[in-house]
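Quick notes on the structure that follows.
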Amino acid sequence: MTATNMDDLVSLCKRRGFIFPSNDIYGGMKGLYDFGPMGVELKMNLKNSWWKSIVYERDDVEGLDSTILTSPLVLNHSGHEDTFTDPLVDCRNCKSRWREDQIENGECPSCNSNDLTDSRPFNLMFKTAIGPVDDGTSYAYLRPETAQQIFVNFRNIIDSTSRTPPFGIAQIGKAFRNEITPRNFIFRVREFEQMELEFFVKPGSDDDWHKYWVEKRLEWWSKQGVNSQKLKLLEVKKQELSHYSKATFDIMYEFPHGLEELEGVANRTDFDLGSHTKNQKDFKINSKVKENKDSTTKLAIQDLETKEWFIPFVIEPSAGVERGVLAVLNEAYTVEESNNRTLLKLKSHLSPIKAAIIPLKRNNHDLVNLANKVKSGLQSLGLGRVMVENTGNIGKNYRRHDEIGTPMCLTIDFESLENQSVTIRDRDTMKQERVSLSEIGNYYSNYFKD
Ligand code: GAP
């Protein structure tokens, strides 16, 4: 049985150190969460898996790590200052605030009053003062997407790597949105991480690349253990497209609270590079862009055959890390009533702990020494965190490691000291087998081969 409601996941995440409400001891803050000892590993493993598939396993993508604080000029020319808004409605009766699409039958969802204001655009960007004097003139935004810094670094990256389209720039990092109603645990939050690829292509080849990236991204989610039956592809209606998009496919997932967006794959055309480019009239820009007198740089490429300069189109797969973590946890959550246990059947590359080494008796010098030796050997293979559990309570350790998704537990007992072997218990089958110390390294590495 998999997770049926969000409460099961929230409770496991808190109990086992995956995710805590942020600023918890002061009552928490809405829409903000912290990742605990297990959560930080799971999140890092998911991000590493994305980076591996997008950057290392290909030869046409470069990486970037840019700043969060972003100049208002960037976010003005990108269109975010004017259009990155949600429609806000106030309830005059109970003073609560809602996104217009959350209001049904003209009633406040909190007090059922009909005394509501008309909706008005509310900009979702967080603004902060720069420098010691806060006189309102010197400010920056916390970026609402990582993408803009990729576009404004376009020239630096092509000049330093000699790339020509088709090629991409990838970035993983924080994004901030002042969501009107954050909700559904880590699904809609105000501070989150994105894994974004901006893939630059020749105009005309964009539709084919768009299809290519949708397929690639669906494949990747299924390799993370997300059941493809629970993924649905939704083409965003023309009237609902973001200001920069010609076409967007949303990869939707059946979260515990319903079918919602996990990742968006957009065709952003030449809108962004065109908006940020100097001397726009020198180029044939397909999208409607605002005049730019601020940029110092041409964000264009010269076609080596025709010698013509052109502004590439961009295909953008953009996934939320938190939504990915939620989907992966939801898929892995399993209750085995017959065995009276809850476990996370995580893909082994995502498991926060790769192996737990458990001496049979707490603080027994010889057993703990051997456990530490086994740990160092496995840890040095570089596949992730391996830990020694020196509590002497095997049953409790098995329960804990089942619940955090550790693929294997290795028990060091007195026989281990005599015949140099350990018992390995598999998380999913609960089968135990005796493996000699000289074989453990191979056994462990083979387990984590894709
Ligand atoms: N650069 C394109 C972009 O930002 P988006 O559809 O607004 O597009 C991309 O966001 C992804 O970021 C979403 O598919 C979602 O996974 C994640 N995301 C967006 N807003 C979020 C929020 N408030 N909380 C958690 N994740 C969010």
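The values are calculated or read from the model by the stated rules, or taken from the named source; none is laboratory data. Remember, it's a predicted structure, so these values are computed and weren't measured experimentally. Don't worry about glycine lacking a Cβ; one is built from the backbone with ideal geometry, like all the others, and counts go over all protein chains shown. Only protein heavy atoms, including side chains, enter the accessible area calculation; ligands, DNA and RNA are left aside. Shrake-Rupley method; radii C 1.70, N 1.55, O 1.52, S 1.80 Å.
Points worth noting:
- Note on Glu337 and Asn369: with the Förster distance fixed at 41 Å, the Cβ-Cβ geometry gives a FRET efficiency of about 0.55.
- Computed FRET value (nearest 0.05) for Asn393 with Glu415, which takes r as the C-beta separation and R₀ as 22 Å: 0.70
- Applying a 4.7 Å cutoff between beta carbons, the unpaired cysteines of the chain are Cys13, Cys409.
- Within the accessible area of the chain (1.4 Å probe), percent carbon and sulfur: 47
- Accessible surface computed residue by residue for the chain, with neighbouring protein chains in place and a 1.4 Å probe, gives 48 Å² per residue.
- Separation of the Thr128 and Lys288 label points, Cα + 7 Å toward Cβ, nm: 3.5
- Cα-based Lys pair tally, segment 225-283, threshold under 23 Å, eight or more apart or on separate chains: 5
- Calculated SAXS-style log₁₀ I(q)/I(0) at q = 0.11, 0.15, 0.16 Å⁻¹ - segment 1-119, Debye, Cα scatterers: -0.77, -1.13, -1.14
- Within segment 251-271: backbone nitrogen closer than 20 Å to the Ser205 label point (7 Å, Cα to C-beta): 266-271
- Estimated from the Cβ-Cβ distance and a Förster radius of 41 angstrom, the FRET efficiency linking Asp115 and Asp82 is about 0.85.
- Of the trypsin sites (Lys or Arg not before Pro) in segment 210-312, those whose Cβ has at most 11 other Cβ within 10 Å and which sit in DSSP loop: Lys237, Lys288, Lys293, Lys307
- Based on the Stokes-Einstein relation at 10 °C and a viscosity of 1.306 mPa s, and on the Kirkwood radius from alpha carbon pairs, the chain is assigned a translational diffusion coefficient of 64 µm²/s.
- Taking every alpha-carbon pair under 8 Å whose residues sit at least 6 apart, segment 351-447 reaches a relative contact order of 31 percent.
- The order of the peptides 357-364, 441-448 by mean Cβ neighbours within 10 Å, most packed first, is 357-364, 441-448.
- Most to least packed among 31-42, 105-116, 317-328 [average Cβ atoms within 10 Å]: 317-328, 31-42, 105-116
- Gyration tensor (alpha-carbon) shape descriptor, segment 351-447, a/c threshold 1.5: rounded
- Compared with the alpha-carbon gap, the fully stretched path from Thr297 to Lys216 is longer by 25.9 nm at 0.36 nm per residue.
- Label point at Arg15 placed 7 Å out along Cα→Cβ; residues across segment 321-352 whose backbone nitrogen lies under 17 Å: 329-346
- Reported value for segment 176-318: 147 Å³ per residue, from the convex hull of its C-alpha atoms.
- Segment Ser445-Lys232, length gained on full extension (0.36 nm per residue, minus Cα span): 73.2 nm
- Segment Thr67-Asp135, length gained on full extension (0.36 nm per residue, minus Cα span): 22.2 nm
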